1. So what's the projected area for region C:104-175, the Cα convex hull averaged over all directions, in nm²?
2. How large is ³J(HN,Hα) for each residue in region A:170-186, as worked out from phi by the Karplus curve 6.51 cos²θ - 1.76 cosθ + 1.60 (θ = phi - 60°), to whole Hz, x for Gly and Pro?
3. Quickly work out the C:Lys72-to-A:Glu13 label distance, labels modelled 7 Å from Cα along the C-beta direction, and quote it in nm with one decimal.
4. Average partner chain C-beta neighbours within 10 Å, per residue of C:59-65?
5. B:Ala168 versus A:Trp168, label points 7 Å from Cα toward the beta carbon: distance in nm?
6. By how many nm would the segment from B:Ser71 to B:Lys138 grow when fully extended, if each residue of separation counts as 0.36 nm and the alpha-carbon distance is taken off?
7. When Cβ neighbours within 10 Å are restricted to other protein chains, what is their mean count per residue of peptide A:150-157?
8. In Å, what is the Rg of the alpha-carbon atoms in the protein assembly as shown, and how long is Dmax?
Amino acid sequence: MGPLLPNDIIPFEWSSIIAIVIGIFFGFILESSGFSSSRKLAGVFYGYDFAVLKVFFTAALVSLIGLLYMDYLGYVDMSSLYVHPTYLWAAIIGGAIMGIGFVAGGFCPGTSLCAVAIGKIDAIVYVIGIMVGVFIFSELYSVFEPIYTGYFYGNITLVDSLGINPYWFVFLFTIAAVIIFVLVDMIRKRVKKVFY
Amino acid sequence: MINRKLVKFLSFRYVILALLFIILAGGLVLLPKFEKQEGIKPEQLLSNIISPERYITTDELADRIINQDPSLLLIDLRDEETFKKYSLPNAINMPLKNLFDEDSSAFLNQDAYDVVFFSNDNFDADQAWILCNRLDYKNLYVLKGGINRWFKTIINPPHPKENMPLEAFKLYATRKAASMYFGVAYPDQVKTNVPKRPRPTPKKVITVKKKKKAPEGGC
Amino acid sequence: MKIKKQNKHLYWNPYYGGFLLGILIIFTFYITGRGLGASGAMKSSVVAIVNSAAPEHAESSAYYSKFLDDTKSPMNNWLVFETLGVLIGALISGGISGRIGWRTQHSPKITRRRRLIFAFSGGILFGLGAQIARGCTSGAALSGMAVLSSGGFITMLAIFGTAYLFAYFFRKNWI
C-alpha cells in the first residue's frame, strides 16, 4: 500500500501534476486561514491573534493521529515515509535564524508565497529577501558547511531519540495542545485587540 | 427563530472537538498491538514451501556449473572454516547467522541471478530459503542433499551394477565426466591430462537497487 | 460599523483550517511519501538563476552543484510544481474573498519604507536559516512533526522559541 508514488502504484509521470494539485490545496488552505496577512501571522508573538499556533498545532495533530491510524490499519507504511533528517545544531541554529527572520519579516516561505499571489508588495520583497538569503548561504557555503553537515543523527524520529512509545507521545501531545489552545484563548482576551 | 438547543450545543463545540481529539489519540494508546506481518502471506509461503521447484539436484547444478552459467550464484551457508576446506567453485560464503547482514541482502534480494543455497545437508539451506522467501526474495533454490550428496553423486559417483538399466550407466558416465571436470582423477584416465580445476573469473555481483524508491526530502 | 470594515479579513476558523491542512498532509504523505515544502522552490530558482548567469561558477560551487543535473533543469522539481500550485490556490482563495490587490500591509505606526526594509531583512534571515536547517516551517517543522521527526520538532521549537524571544525588539513593527 501507500505511499503510492514511491511504490509505483501511481506512475511516476503523474508526480508533477499531483504536486500542482497538492500545492493548490495547500495555497488555498493557507490563504483562507489568513496566512497571507503578515500582521495576522505576527499576532501569535504579541498575543492578539493565535491563528498560526492553532492552525499549526491542529494540522500537526490531525496529521499525526491520522498517519498513525493509517499505519495501524495498513494503508500506509510509516517506516517508508520521508523523515526529515536530524542535524542537531543545524536545526537549532537554522531555526533560531528563521525565528528572527519570522518576527522581523512576518512571513514564512509558504505564507509569503500566498501573500505574493494576492499582490502583497511586502511579501514580494520578502520572497526576494529569501532568495538573497539562499544566495548568501550558497556563496558562503564553506563557512556554514561544518554546521550544515555536522552533528548528523540520521533520519531519526522521536521514537528513536527519546525511546518513547509514539502512541503515548501523541496522546500526551494532544492533551498538551488542547491545554495550549485554552490558555491561548485566555491570553487573547486580555491582550488589547489590534485591527489590521 | 434560533434554535435554543442548537445554540447551547454549539457553545460547547470546542469542548466537544477537543474531547474528540483526545479520544482519538487515546484510542491509539488503547488499540491492541500486534506484530506486523512482514513479507509474503503465510498461505503463499506454505505453497512455496510445498512446491518441489525450489530444489535443484546435484546433477542439474553440476551441469550448470560446467556450462559456466552466468546467472548462477552459489551461497555456502556453512561456517568459514569448512568453507575454506572445500566448497563448490565460485561459491560465496555466507554463514546462516550472517544471512541478514547488510551487505548480504545485495546478493539475496535481486532478480539477476539464480541463488542456490547449500550446506552440508538440506537443513540449513532450507531454513535460509524459507527466511528469504518470506521476505519475497526471488529466484531462490536449495541444493538437494547439500554437499554430502554432491560428494556421493558427482565427486564420487557409485559404480552401477551389471544388472542396472542402461540409463544408470549413462548417468554414471556423465557424473564421472563431471567429477573429472571438478578435478577428480580416475586410474583409467590417468594418462590423459587431468583438466585443472577451472577457476572462472569471480563473478561481479551487481548490487541491485532497492525496488522501493525512497522518497526525497522536502524543502 | 467595525464589522463591515473588517469583513475583508474574515478568515476561516483556525481549527477548521488546521484540520484541512492536517488532512492535506496525510494525503500528501499517502501519495508521495513526503511532506509539503515551500523554501525548496526558492532554492531551485536561485540555483537556476545562478546557473544561467554564471554556469562555471555554479558548476564549481560546492553547494549549487548538488542541485545541478545535466539531464534536467533545476526548476524541474517536485517542489517547484507544488509552489506553482500554492500560488494558484492562494490566488483562487484570495479571489473568492476579494483580497486581491497591490498593497503593503503594515502597522499604522510605521512607514511603508520601514516595513519593506524589515520584510527584506527578515527574508534574508529566513532564507539563510532555511538552508542551514534544510527546510522551513512547512518542510521541516510541519511535515517533520507529522512523522515525529526529531529534527522537525527541534526546528519547530527553535523557530518559535527564538521568535518569542526576539518579539519584544520588533514590537513596534506590529502592534
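Bear in mind that the values in this text are calculations on the coordinates, not laboratory data. Everything numeric here is computed off the predicted structure, so don't read it as measured data. Cβ placement follows ideal geometry from the backbone for every residue including glycine, while neighbour counts extend to all protein chains displayed.
1. One quarter of the hull surface, i.e. the mean projection, equals 5.2 nm².
2. For region A:170-186, the Karplus-derived couplings read 5, 4, 5, 4, 4, 4, 4, 5, 4, 4, 4, 4, 5, 4, 4, 5, 5 Hz, x marking Gly and Pro.
3. 1.4
4. 3
5. With each label placed 7 Å out from Cα toward Cβ, I get 7.1 nm.
6. 22.8 nm
7. Averaged over the peptide's residues, the number is 3.
8. That works out to 32.3, 117 Å for Rg and Dmax.
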